[in-house]
Structures are given as structure tokens and as C-alpha cells.
Amino acid sequence: LSFFHGLEASMDAGKELAIGDFVFEFDLACLDFDPELVLSVYKHALEGFDIVSAVPASSARFSSWIFYSILNRYGHFPYRFCTERFRIISRRAINRVSAVNREIVYRKTVYASCGLKSANLQYHPVSGVNFTISRKERIYRRELAFNSILLFTELGYRFSRFVTILMGISSFAMLIYSIVIYCTGTPVRGWTSSILLISSVSFGLFVILTFVIKYLQILINLSFKRGNFTFESIEKLSG
């Protein structure tokens, strides 16, 4: 490309130029696998799978493990995300993804929710193969991970809801404490009303923030999930 666009835009450009029935996507220029694995993935796709990924059997990096754990727990996708080296996509899957989503922020989330058959093939990485990522690419991947968590999971909403509940409990405790001090002690004039006002306003702000986050989440779902339903295949019955 003319300048650095990032992995997702580069893959989109490649798929727009590809004309075959199947398209391979290689996320990294790292060959830590036997070349025969490429043919094995292709043969597995011919068995009726629209998306087949090559997954290393070794454990992923700690940052990748955290990212995929959050995505799997709070994303509610019918697919378990993991580290993948490359994948093959059928033309049917490409057409469906393009028809449903115009802007693809993170390809894996779209593939996971397209409704077509997918599979993972595990392999044992070849030892002694090292690969490095440029600083620009690392920054891009961190931003992509952060954006994906915000867009495709309920982590932000759940955190806001938890803080709201915590603030509600704190406000109720301050209410009880203020009443007790007012009835049994000699508080400074205006202290009780000030504490009650501050607690109530703080709790109200977090409630409003929770509703705003939920509203934004609904808008995001409407924007990135334009299809009302997904189907895996169609059977034509003739009598």
C-alpha cells in the first residue's frame, strides 16, 4: 500500500483484489509451520467449512491471552477466539461479510458471527523460528485490541454497572451514617445536607453514565450487525 494502513485495511484490500473461490489470510510473515499445513487447511475447507484457521498448539503471549480471554467472556460470540497464524476464507464467507458489514474493525469478530461453518486445525510450531513486529505495528495492534474490546464486548457496560451499584451502596451507607450523626451527635450546620447531596449527585451521575454506555452499545450493535439473522446453509426440497 502507499503508506501504513494497518493489518485490517491491508487484508480488506487483498480480498477486494482476489478473484478465487478461496482466499488465504496470513496475519504475519512468519513461517513457523510446515508448508504442507497450507494444503491441509485447504483440504479441510473442501470438506464443507467456509473458514478454517491454523492454530499453534503452543501457548500464546500473555497480552494475547488476556485479550482473547476478555473477548471470549464478554463478547458472546458463537466461536472461541485464539491465536491464529493464517486462515482460509471461502468466497461465500467473503460475500456474506461484505454484504452485512461495510466497515470491518476486527475481522475475527465478523467471521465469528457470520453464521457459516468454521474450524481450527492445530499444529506444532517449528522450533527456532523467531519473528519481530515493528514499533508502528505494535502500537496499531494495541489500539486495535482496545477498540475491539470496547466495540464488541460488554466489558465497559459491566464495569459501569458495577461502579454504579458500588456507588449506590456507598450512598445508602452515607445516608444511614448522616442520619445517625444527626440524631446522636452535634454535626456542623449544613454537614448532613451537604453529604446527602454529594452522595446523591455522585450516584445519579453513575446511573446516567451506565444508561449512556448501554445506549451507545445498542447503537454499535445496530451499526456493526446489520443483518437480523444468520444462516449456515439452505436445503432445497423437491417433491
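The values are calculated or read from the model by the stated rules, or taken from the named source; none is laboratory data. Worth saying up front: this structure is predicted, and the values here are computed from it rather than measured. When we count neighbours, we look across all protein chains shown, and the Cβ atoms used for this are built from the backbone with ideal geometry, even at glycine. We work out accessible area using only protein heavy atoms, side chains counted, and drop any ligands, DNA or RNA first. Shrake-Rupley method; radii C 1.70, N 1.55, O 1.52, S 1.80 Å.
Restricting attention to the stretch 161-178, which residues are free of Cβ contacts under 8 Å to residues at least 12 places away in the same chain and either surrounded by 15 or more Cβ atoms within 10 Å (Cβ to Cβ) or of a type outside the set (Phe, Trp, Tyr) (or both)?
Hits for the stretch 161-178 are Ile165, Leu166, Ile169, Ala173, Ile176.
Please go through the stretch 108-133 and give me each residue that is without any contact (Cβ under 8 Å) to a residue 40 or more places away in the chain and open to solvent by 70 Å² or more (accessible area, probe 1.4 Å), ordered by number.
Ser127, Gly128, Asn130, Thr132
List pairs: first residue in the stretch 19-36 and more than 17 Å from Ile89 (Cβ to Cβ), second residue of a type outside the set (D, E, K, R) and modelled with pLDDT of 85 or more anywhere in the structure, Cβ distance under 6 angstrom, at least six positions apart or on different chains.
As it stands, the answer is Asp32/Pro125; Phe33/Tyr123, since those pairs meet every condition given.
Just need a number here: residues in the stretch 137-171 that are under 15 Å from Arg107 (Cα atoms) and of a type in the set (Asp, Glu).
Number satisfying all stated conditions: 1.
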